[in-house]
1. Applying 1/(1 + (r/R0)^6) with R0 = 51 Å to the Cβ-Cβ distance of Asp121 and Asp10, what FRET efficiency is obtained, to the nearest 0.05?
2. How much of the accessible area of segment 103-208, in percent, comes from carbon and sulfur atoms when a 1.4 Å probe is used?
3. Counting only protein heavy atoms and a 1.4 Å probe, tell me what percentage of segment 1-65's accessible area is made up of carbon and sulfur.
4. Can you give the extra length, in nm with one decimal, that the chain gains between Leu291 and Thr195 once fully stretched, where that is 0.36 nm per residue apart less the Cα-Cα distance?
5. When the Cα centres of segment 13-34 and segment 248-273 are compared, how far apart do they sit, in Å?
6. Would you please give the residues with an amide H less than 5 Å from that of Arg235, counting only those at least 5 places away or on a separate chain, with H modeled from the backbone geometry?
7. By how many nm would the segment from Asn300 to Gln253 grow when fully extended, if each residue of separation counts as 0.36 nm and the alpha-carbon distance is taken off?
8. Calculate, axis by axis, the spread of Cα positions in segment 257-303 along the three principal axes, and write the results as whole Å, longest axis first.
Amino acid sequence: MLDEFDIPRDLVDRRVTRMRVLSPSNLAADFSRALPPGAHIPMLRREVLDSFLRRRAADAGANLVPGLVTSLSLPVGPSDPYLVHYISSDGPSSKSVLEVDAIVGADGANSRVAREVGAGDYTTAIAFQERIRLPDEAMAYYDDLAEMYVGGDVSPDFYGWVFPKCDHVAVGTGTVAAKPEIKKLQSGIRARAGTKIAGGRVIKVEAHPIPEHPRPRRVVGRVALVGDAAGYVTRCSGEGIYFAAKSGRLCGQAMAKEWELTGAVTEAGLRRGYLRQWDDEFLLTFRFLDLLQRVFYGGNTGREALVEMCADEYVQRRTFESYLHKRMVPGEPWGDLGLLWRTAGTMVRCGILGKEVERLRRLELQAQVLPH
Ligand SMILES: Cc1cc2nc3c(=O)[nH]c(=O)nc-3n(C[C@H](O)[C@H](O)[C@H](O)COP(=O)(O)OP(=O)(O)OC[C@H]3O[C@@H](n4cnc5c(N)ncnc54)[C@H](O)[C@@H]3O)c2cc1C
(Lines give C-alpha, C1' and ligand atoms only; values in the text may rest on other atoms or scores of the structure.)
Protein backbone atom coordinates (compact mmCIF):
# COMPACT_ATOMS: atom_id res chain seq x y z
CA MET A 1 0.00 0.00 0.00
CA LEU A 2 2.82 2.40 0.89
CA ASP A 3 4.33 2.17 -2.61
CA GLU A 4 1.02 2.07 -4.45
CA PHE A 5 -0.20 5.27 -2.79
CA ASP A 6 3.17 7.01 -2.37
CA ILE A 7 2.81 7.17 1.40
CA PRO A 8 5.98 8.57 2.98
CA ARG A 9 7.78 6.07 5.18
CA ASP A 10 8.03 8.51 8.07
CA LEU A 11 4.26 8.25 8.62
CA VAL A 12 4.73 4.64 9.69
CA ASP A 13 4.92 4.32 13.48
CA ARG A 14 6.02 0.71 13.68
CA ARG A 15 7.23 -1.95 11.28
CA VAL A 16 5.85 -5.27 12.43
CA THR A 17 7.97 -8.22 11.36
CA ARG A 18 6.60 -10.74 13.86
CA MET A 19 2.94 -11.76 13.90
CA ARG A 20 1.76 -14.18 16.58
CA VAL A 21 -1.61 -15.96 16.59
CA LEU A 22 -2.76 -17.43 19.93
CA SER A 23 -5.42 -20.14 20.18
CA PRO A 24 -8.07 -20.51 22.92
CA SER A 25 -5.67 -22.84 24.76
CA ASN A 26 -2.88 -20.27 24.26
CA LEU A 27 -1.10 -22.38 21.67
CA ALA A 28 0.97 -19.82 19.76
CA ALA A 29 1.88 -19.85 16.08
CA ASP A 30 4.53 -17.41 14.90
CA PHE A 31 3.02 -16.36 11.68
CA SER A 32 5.87 -14.43 10.12
CA ARG A 33 8.62 -16.91 9.31
CA ALA A 34 7.63 -16.66 5.65
CA LEU A 35 7.67 -12.85 5.50
CA PRO A 36 9.89 -11.97 2.51
CA PRO A 37 13.21 -10.29 3.45
CA GLY A 38 12.77 -6.57 4.06
CA ALA A 39 8.95 -6.83 4.09
CA HIS A 40 6.94 -5.68 7.10
CA ILE A 41 3.40 -4.89 8.16
CA PRO A 42 3.23 -1.11 8.57
CA MET A 43 1.38 0.22 11.62
CA LEU A 44 0.24 3.82 11.49
CA ARG A 45 -2.42 5.99 13.00
CA ARG A 46 -5.43 6.83 10.84
CA GLU A 47 -5.51 10.42 12.11
CA VAL A 48 -1.93 10.93 10.89
CA LEU A 49 -2.56 9.28 7.50
CA ASP A 50 -5.81 11.20 6.99
CA SER A 51 -4.30 14.61 7.59
CA PHE A 52 -1.40 13.79 5.24
CA LEU A 53 -3.82 12.70 2.48
CA ARG A 54 -5.96 15.80 2.97
CA ARG A 55 -2.92 18.08 2.71
CA ARG A 56 -1.67 16.28 -0.39
CA ALA A 57 -5.06 16.61 -2.09
CA ALA A 58 -5.11 20.34 -1.36
CA ASP A 59 -1.55 20.74 -2.70
CA ALA A 60 -2.68 18.97 -5.89
CA GLY A 61 -5.48 21.51 -6.38
CA ALA A 62 -8.48 20.07 -4.49
CA ASN A 63 -10.69 22.64 -2.78
CA LEU A 64 -11.19 21.40 0.80
CA VAL A 65 -14.50 22.43 2.35
CA PRO A 66 -14.53 21.42 6.03
CA GLY A 67 -18.03 20.65 7.30
CA LEU A 68 -20.65 18.09 8.28
CA VAL A 69 -22.90 16.89 5.44
CA THR A 70 -26.50 16.88 6.68
CA SER A 71 -28.53 16.01 3.55
CA LEU A 72 -28.60 15.86 -0.24
CA SER A 73 -31.18 17.27 -2.68
CA LEU A 74 -31.40 14.79 -5.55
CA PRO A 75 -31.59 15.99 -9.18
CA VAL A 76 -34.87 15.83 -11.11
CA GLY A 77 -33.45 15.70 -14.65
CA PRO A 78 -30.39 13.72 -15.81
CA SER A 79 -28.18 16.79 -16.04
CA ASP A 80 -29.47 18.65 -12.96
CA PRO A 81 -26.91 19.07 -10.17
CA TYR A 82 -26.96 17.45 -6.72
CA LEU A 83 -27.18 19.88 -3.81
CA VAL A 84 -25.02 18.95 -0.84
CA HIS A 85 -26.28 20.60 2.36
CA TYR A 86 -23.68 20.91 5.09
CA ILE A 87 -22.79 22.73 8.25
CA SER A 88 -19.54 24.53 7.68
CA SER A 89 -16.86 24.11 10.30
CA ASP A 90 -14.63 26.74 8.73
CA GLY A 91 -15.11 29.73 11.01
CA PRO A 92 -18.47 30.28 12.74
CA SER A 93 -20.59 27.22 11.98
CA SER A 94 -23.30 27.98 9.44
CA LYS A 95 -25.53 26.11 7.01
CA SER A 96 -24.21 26.05 3.46
CA VAL A 97 -24.94 24.31 0.18
CA LEU A 98 -22.71 23.03 -2.60
CA GLU A 99 -23.85 22.31 -6.16
CA VAL A 100 -22.10 19.30 -7.74
CA ASP A 101 -22.32 17.01 -10.79
CA ALA A 102 -21.38 13.78 -9.03
CA ILE A 103 -20.65 12.55 -5.50
CA VAL A 104 -18.20 10.03 -4.04
CA GLY A 105 -19.57 8.95 -0.66
CA ALA A 106 -16.46 8.19 1.41
CA ASP A 107 -18.13 8.93 4.73
CA GLY A 108 -17.69 5.64 6.56
CA ALA A 109 -19.96 2.98 7.98
CA ASN A 110 -22.66 5.45 9.13
CA SER A 111 -22.65 7.05 5.66
CA ARG A 112 -25.10 9.94 5.37
CA VAL A 113 -24.64 9.87 1.58
CA ALA A 114 -25.69 6.19 1.41
CA ARG A 115 -28.79 6.95 3.48
CA GLU A 116 -29.77 9.96 1.38
CA VAL A 117 -29.66 8.02 -1.92
CA GLY A 118 -31.32 4.87 -0.49
CA ALA A 119 -28.31 2.59 -1.00
CA GLY A 120 -29.68 0.06 1.50
CA ASP A 121 -28.26 -1.31 4.73
CA TYR A 122 -25.64 -3.87 5.70
CA THR A 123 -24.99 -5.73 8.92
CA THR A 124 -22.13 -4.37 10.94
CA ALA A 125 -19.71 -5.69 13.52
CA ILE A 126 -18.59 -3.48 16.35
CA ALA A 127 -14.88 -2.94 16.90
CA PHE A 128 -13.72 -1.73 20.29
CA GLN A 129 -10.17 -0.63 20.94
CA GLU A 130 -8.22 0.88 23.81
CA ARG A 131 -4.96 2.68 23.18
CA ILE A 132 -2.75 1.79 26.12
CA ARG A 133 0.57 3.38 27.03
CA LEU A 134 2.81 0.70 28.50
CA PRO A 135 5.85 0.92 30.76
CA ASP A 136 9.06 0.98 28.63
CA GLU A 137 9.95 -2.66 29.26
CA ALA A 138 6.49 -3.90 28.26
CA MET A 139 6.50 -1.67 25.17
CA ALA A 140 9.88 -3.11 24.14
CA TYR A 141 8.22 -6.54 23.99
CA TYR A 142 5.80 -5.23 21.35
CA ASP A 143 8.46 -3.29 19.46
CA ASP A 144 7.96 -5.23 16.20
CA LEU A 145 5.39 -7.79 17.36
CA ALA A 146 1.63 -7.89 16.72
CA GLU A 147 -0.58 -10.44 18.47
CA MET A 148 -3.94 -11.86 17.43
CA TYR A 149 -5.95 -13.83 19.99
CA VAL A 150 -8.82 -16.16 19.05
CA GLY A 151 -11.25 -17.71 21.50
CA GLY A 152 -14.81 -17.42 22.78
CA ASP A 153 -13.50 -15.28 25.66
CA VAL A 154 -12.28 -12.53 23.28
CA SER A 155 -14.89 -12.82 20.52
CA PRO A 156 -17.49 -15.36 19.40
CA ASP A 157 -16.88 -14.58 15.72
CA PHE A 158 -13.72 -12.49 15.26
CA TYR A 159 -10.36 -12.02 16.99
CA GLY A 160 -8.84 -9.81 19.63
CA TRP A 161 -5.58 -7.96 19.02
CA VAL A 162 -2.60 -6.21 20.56
CA PHE A 163 -1.02 -4.06 17.85
CA PRO A 164 1.96 -1.75 18.47
CA LYS A 165 1.42 1.92 17.55
CA CYS A 166 3.87 4.83 17.93
CA ASP A 167 4.38 5.03 21.70
CA HIS A 168 1.55 2.74 22.81
CA VAL A 169 -0.36 -0.44 21.90
CA ALA A 170 -3.89 -0.76 20.54
CA VAL A 171 -5.75 -3.51 22.39
CA GLY A 172 -9.14 -4.41 21.01
CA THR A 173 -11.72 -6.87 19.78
CA GLY A 174 -14.71 -7.07 17.45
CA THR A 175 -17.95 -8.98 17.10
CA VAL A 176 -21.20 -9.14 15.14
CA ALA A 177 -23.01 -11.72 17.21
CA ALA A 178 -22.43 -10.33 20.69
CA LYS A 179 -22.42 -6.53 20.39
CA PRO A 180 -23.99 -5.94 23.84
CA GLU A 181 -21.16 -8.05 25.32
CA ILE A 182 -18.36 -5.97 23.79
CA LYS A 183 -17.05 -4.63 27.12
CA LYS A 184 -16.91 -8.15 28.57
CA LEU A 185 -15.03 -9.33 25.47
CA GLN A 186 -12.65 -6.40 25.84
CA SER A 187 -11.97 -7.55 29.41
CA GLY A 188 -11.32 -10.98 27.86
CA ILE A 189 -8.58 -9.71 25.54
CA ARG A 190 -7.02 -7.68 28.36
CA ALA A 191 -7.00 -10.81 30.52
CA ARG A 192 -5.45 -12.92 27.74
CA ALA A 193 -2.69 -10.36 27.13
CA GLY A 194 -2.33 -10.38 30.95
CA THR A 195 1.02 -9.44 32.40
CA LYS A 196 2.31 -8.35 28.99
CA ILE A 197 0.18 -5.18 29.22
CA ALA A 198 0.25 -4.85 33.01
CA GLY A 199 0.90 -1.36 34.35
CA GLY A 200 -0.48 0.23 31.14
CA ARG A 201 -2.51 3.46 31.13
CA VAL A 202 -5.50 3.83 28.78
CA ILE A 203 -5.05 7.02 26.77
CA LYS A 204 -7.93 6.66 24.30
CA VAL A 205 -11.01 4.45 23.82
CA GLU A 206 -12.54 3.92 20.38
CA ALA A 207 -15.65 2.04 19.24
CA HIS A 208 -16.94 2.00 15.70
CA PRO A 209 -19.12 -0.15 13.41
CA ILE A 210 -17.38 -2.23 10.74
CA PRO A 211 -19.38 -3.35 7.68
CA GLU A 212 -19.78 -7.08 7.18
CA HIS A 213 -20.52 -7.04 3.45
CA PRO A 214 -21.09 -4.55 0.60
CA ARG A 215 -24.25 -2.44 0.48
CA PRO A 216 -27.07 -3.59 -1.80
CA ARG A 217 -26.41 -0.56 -4.04
CA ARG A 218 -22.97 1.02 -4.35
CA VAL A 219 -23.78 3.27 -7.32
CA VAL A 220 -27.06 5.18 -7.42
CA GLY A 221 -27.38 7.75 -10.22
CA ARG A 222 -24.20 9.84 -10.20
CA VAL A 223 -23.42 8.92 -6.59
CA ALA A 224 -20.84 6.22 -5.87
CA LEU A 225 -19.92 4.80 -2.47
CA VAL A 226 -16.37 3.76 -1.56
CA GLY A 227 -14.55 2.37 1.48
CA ASP A 228 -16.61 1.57 4.57
CA ALA A 229 -19.57 3.45 3.09
CA ALA A 230 -19.65 0.82 0.31
CA GLY A 231 -18.89 -2.01 2.74
CA TYR A 232 -15.35 -2.93 1.72
CA VAL A 233 -13.86 -4.48 4.84
CA THR A 234 -12.57 -8.05 4.58
CA ARG A 235 -14.10 -10.61 6.91
CA CYS A 236 -11.58 -12.70 8.81
CA SER A 237 -8.89 -9.98 8.95
CA GLY A 238 -11.04 -6.82 9.34
CA GLU A 239 -8.79 -4.94 6.95
CA GLY A 240 -10.38 -1.84 5.43
CA ILE A 241 -7.83 0.93 5.06
CA TYR A 242 -6.24 -0.35 1.84
CA PHE A 243 -9.64 -1.15 0.32
CA ALA A 244 -10.97 2.32 1.19
CA ALA A 245 -8.01 3.94 -0.55
CA LYS A 246 -8.15 1.59 -3.53
CA SER A 247 -11.89 1.95 -4.12
CA GLY A 248 -11.62 5.75 -3.80
CA ARG A 249 -8.90 5.79 -6.41
CA LEU A 250 -10.73 3.43 -8.82
CA CYS A 251 -13.92 5.47 -8.50
CA GLY A 252 -12.16 8.82 -8.95
CA GLN A 253 -10.30 7.52 -11.99
CA ALA A 254 -13.53 6.18 -13.55
CA MET A 255 -15.23 9.56 -13.04
CA ALA A 256 -12.29 11.53 -14.42
CA LYS A 257 -11.96 9.27 -17.46
CA GLU A 258 -15.64 9.48 -18.39
CA TRP A 259 -15.63 13.23 -17.84
CA GLU A 260 -12.62 13.62 -20.10
CA LEU A 261 -14.17 11.49 -22.86
CA THR A 262 -17.77 12.70 -22.78
CA GLY A 263 -17.93 15.81 -20.59
CA ALA A 264 -20.32 14.09 -18.16
CA VAL A 265 -20.48 11.45 -15.42
CA THR A 266 -23.23 8.84 -15.73
CA GLU A 267 -24.53 5.91 -13.69
CA ALA A 268 -23.71 3.52 -16.55
CA GLY A 269 -20.17 4.87 -16.71
CA LEU A 270 -19.68 4.44 -12.95
CA ARG A 271 -20.97 0.89 -13.09
CA ARG A 272 -18.68 0.04 -15.96
CA GLY A 273 -15.57 1.95 -14.93
CA TYR A 274 -15.72 1.49 -11.17
CA LEU A 275 -18.05 -1.28 -9.97
CA ARG A 276 -17.19 -3.85 -12.59
CA GLN A 277 -13.48 -3.28 -12.19
CA TRP A 278 -13.75 -3.50 -8.40
CA ASP A 279 -15.73 -6.74 -8.49
CA ASP A 280 -13.36 -8.28 -11.05
CA GLU A 281 -10.35 -7.50 -8.85
CA PHE A 282 -11.65 -8.15 -5.34
CA LEU A 283 -14.95 -10.06 -5.18
CA LEU A 284 -13.25 -13.46 -5.03
CA THR A 285 -10.85 -12.38 -2.27
CA PHE A 286 -13.72 -11.03 -0.15
CA ARG A 287 -15.78 -14.21 -0.65
CA PHE A 288 -12.83 -16.42 0.26
CA LEU A 289 -12.12 -14.53 3.49
CA ASP A 290 -15.83 -14.69 4.33
CA LEU A 291 -15.69 -18.48 4.01
CA LEU A 292 -12.55 -18.69 6.17
CA GLN A 293 -14.22 -16.64 8.90
CA ARG A 294 -17.26 -18.93 8.93
CA VAL A 295 -15.19 -22.10 9.07
CA PHE A 296 -12.48 -21.08 11.52
CA TYR A 297 -13.94 -18.43 13.88
CA GLY A 298 -17.20 -20.18 14.69
CA GLY A 299 -16.05 -22.21 17.70
CA ASN A 300 -13.00 -23.04 19.78
CA THR A 301 -12.27 -26.26 17.84
CA GLY A 302 -12.12 -24.26 14.59
CA ARG A 303 -9.89 -21.67 16.25
CA GLU A 304 -7.45 -24.32 17.47
CA ALA A 305 -7.38 -25.68 13.90
CA LEU A 306 -6.74 -22.19 12.55
CA VAL A 307 -3.73 -21.68 14.80
CA GLU A 308 -2.40 -25.14 13.93
CA MET A 309 -2.65 -24.26 10.23
CA CYS A 310 -0.99 -20.88 10.79
CA ALA A 311 2.17 -22.72 11.81
CA ASP A 312 2.33 -24.24 8.31
CA GLU A 313 5.05 -22.54 6.26
CA TYR A 314 3.14 -22.84 2.96
CA VAL A 315 0.03 -21.23 4.54
CA GLN A 316 2.21 -18.41 5.85
CA ARG A 317 3.84 -17.79 2.49
CA ARG A 318 0.50 -17.75 0.61
CA THR A 319 -1.07 -15.51 3.26
CA PHE A 320 1.73 -12.96 3.20
CA GLU A 321 1.87 -12.92 -0.60
CA SER A 322 -1.89 -12.32 -0.65
CA TYR A 323 -1.64 -9.73 2.13
CA LEU A 324 1.18 -7.84 0.45
CA HIS A 325 -0.50 -7.88 -2.98
CA LYS A 326 -4.06 -7.52 -1.59
CA ARG A 327 -5.28 -10.30 -3.84
CA MET A 328 -5.44 -14.04 -3.69
CA VAL A 329 -2.16 -15.11 -5.21
CA PRO A 330 -2.39 -18.25 -7.39
CA GLY A 331 -0.79 -21.19 -5.58
CA GLU A 332 1.55 -23.97 -6.66
CA PRO A 333 -0.39 -27.14 -7.64
CA TRP A 334 1.64 -29.51 -5.42
CA GLY A 335 1.74 -27.00 -2.60
CA ASP A 336 -2.04 -26.55 -2.76
CA LEU A 337 -2.63 -30.28 -2.84
CA GLY A 338 -0.40 -30.76 0.21
CA LEU A 339 -2.17 -27.91 1.98
CA LEU A 340 -5.59 -29.39 1.19
CA TRP A 341 -4.47 -32.69 2.68
CA ARG A 342 -3.02 -31.10 5.82
CA THR A 343 -6.11 -28.86 6.23
CA ALA A 344 -8.42 -31.85 5.99
CA GLY A 345 -6.26 -33.65 8.59
CA THR A 346 -6.36 -30.66 10.94
CA MET A 347 -10.12 -30.25 10.50
CA VAL A 348 -10.83 -33.92 11.10
CA ARG A 349 -8.66 -33.82 14.23
CA CYS A 350 -10.55 -30.78 15.46
CA GLY A 351 -13.92 -32.29 14.52
CA ILE A 352 -14.90 -29.55 12.08
CA LEU A 353 -14.93 -31.38 8.77
CA GLY A 354 -17.73 -33.76 9.74
CA LYS A 355 -19.92 -30.86 10.87
CA GLU A 356 -19.18 -28.85 7.73
CA VAL A 357 -19.97 -31.79 5.42
CA GLU A 358 -23.22 -32.32 7.33
CA ARG A 359 -24.11 -28.62 6.98
CA LEU A 360 -23.43 -28.67 3.20
CA ARG A 361 -25.47 -31.88 2.84
CA ARG A 362 -28.42 -30.21 4.64
CA LEU A 363 -28.14 -27.15 2.36
CA GLU A 364 -28.10 -29.42 -0.70
CA LEU A 365 -31.23 -31.23 0.51
CA GLN A 366 -32.98 -27.91 1.13
CA ALA A 367 -32.05 -26.73 -2.38
CA GLN A 368 -33.61 -29.88 -3.85
CA VAL A 369 -36.84 -29.31 -1.92
CA LEU A 370 -37.17 -25.60 -2.64
CA PRO A 371 -38.53 -24.60 -6.10
CA HIS A 372 -35.92 -22.78 -8.26
C1 LIG B 1 -11.13 -0.21 16.19
C2 LIG B 1 -10.84 -0.39 14.73
C3 LIG B 1 -9.62 -0.92 14.32
C4 LIG B 1 -9.35 -1.12 12.97
N5 LIG B 1 -8.14 -1.61 12.61
C6 LIG B 1 -7.83 -1.73 11.29
C7 LIG B 1 -6.54 -2.17 10.90
O8 LIG B 1 -5.68 -2.50 11.71
N9 LIG B 1 -6.29 -2.26 9.55
C10 LIG B 1 -7.21 -1.91 8.61
O11 LIG B 1 -6.91 -1.99 7.41
N12 LIG B 1 -8.45 -1.52 8.97
C13 LIG B 1 -8.78 -1.40 10.28
N14 LIG B 1 -10.03 -0.98 10.65
C15 LIG B 1 -11.01 -0.66 9.59
C16 LIG B 1 -10.67 0.69 8.98
O17 LIG B 1 -10.50 1.64 10.02
C18 LIG B 1 -11.78 1.17 8.04
O19 LIG B 1 -12.11 0.15 7.14
C20 LIG B 1 -11.29 2.40 7.26
O21 LIG B 1 -11.02 3.43 8.17
C22 LIG B 1 -12.35 2.84 6.26
O23 LIG B 1 -11.99 4.09 5.74
P24 LIG B 1 -13.11 5.09 5.18
O25 LIG B 1 -12.34 6.31 4.76
O26 LIG B 1 -13.97 4.40 4.20
O27 LIG B 1 -14.06 5.44 6.42
P28 LIG B 1 -13.69 6.18 7.76
O29 LIG B 1 -12.31 5.91 8.18
O30 LIG B 1 -14.80 5.88 8.71
O31 LIG B 1 -13.73 7.73 7.36
C32 LIG B 1 -14.96 8.38 7.07
C33 LIG B 1 -14.72 9.87 7.11
O34 LIG B 1 -15.94 10.53 6.74
C35 LIG B 1 -16.21 11.56 7.68
N36 LIG B 1 -17.68 11.73 7.75
C37 LIG B 1 -18.61 10.85 8.18
N38 LIG B 1 -19.86 11.36 8.11
C39 LIG B 1 -19.71 12.61 7.60
C40 LIG B 1 -20.62 13.65 7.27
N41 LIG B 1 -21.94 13.53 7.45
N42 LIG B 1 -20.11 14.81 6.76
C43 LIG B 1 -18.78 14.96 6.57
N44 LIG B 1 -17.85 14.01 6.85
C45 LIG B 1 -18.32 12.85 7.36
C46 LIG B 1 -15.62 11.04 9.00
O47 LIG B 1 -15.38 12.12 9.88
C48 LIG B 1 -14.34 10.38 8.50
O49 LIG B 1 -13.31 11.31 8.38
C50 LIG B 1 -10.33 -0.79 11.99
C51 LIG B 1 -11.56 -0.26 12.40
C52 LIG B 1 -11.82 -0.05 13.74
C53 LIG B 1 -13.15 0.52 14.14
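The values are calculated or read from the model by the stated rules, or taken from the named source; none is laboratory data. As the structure is a computational prediction, the values presented were derived from the model and not from experiment. We place every Cβ from the backbone using ideal geometry, glycine too, and count neighbours over all the protein chains shown. For accessibility, only protein heavy atoms count, side chains too; no ligands or nucleic acids. Shrake-Rupley method; radii C 1.70, N 1.55, O 1.52, S 1.80 Å.
1. Once rounded, the FRET efficiency stands at 0.80.
2. Carbon and sulfur together cover 54 percent of it.
3. Using a 1.4 Å probe with all protein chains present, segment 1-65 comes out at 51 percent carbon and sulfur.
4. Result: 31.1 nm gained on full extension.
5. Cα centroid of segment 13-34 versus Cα centroid of segment 248-273: 42 Å apart.
6. Asp290
7. Full-extension gain reported as 12.5 nm.
8. The Cα atoms of segment 257-303 stretch 57, 14, 12 Å along their principal axes.
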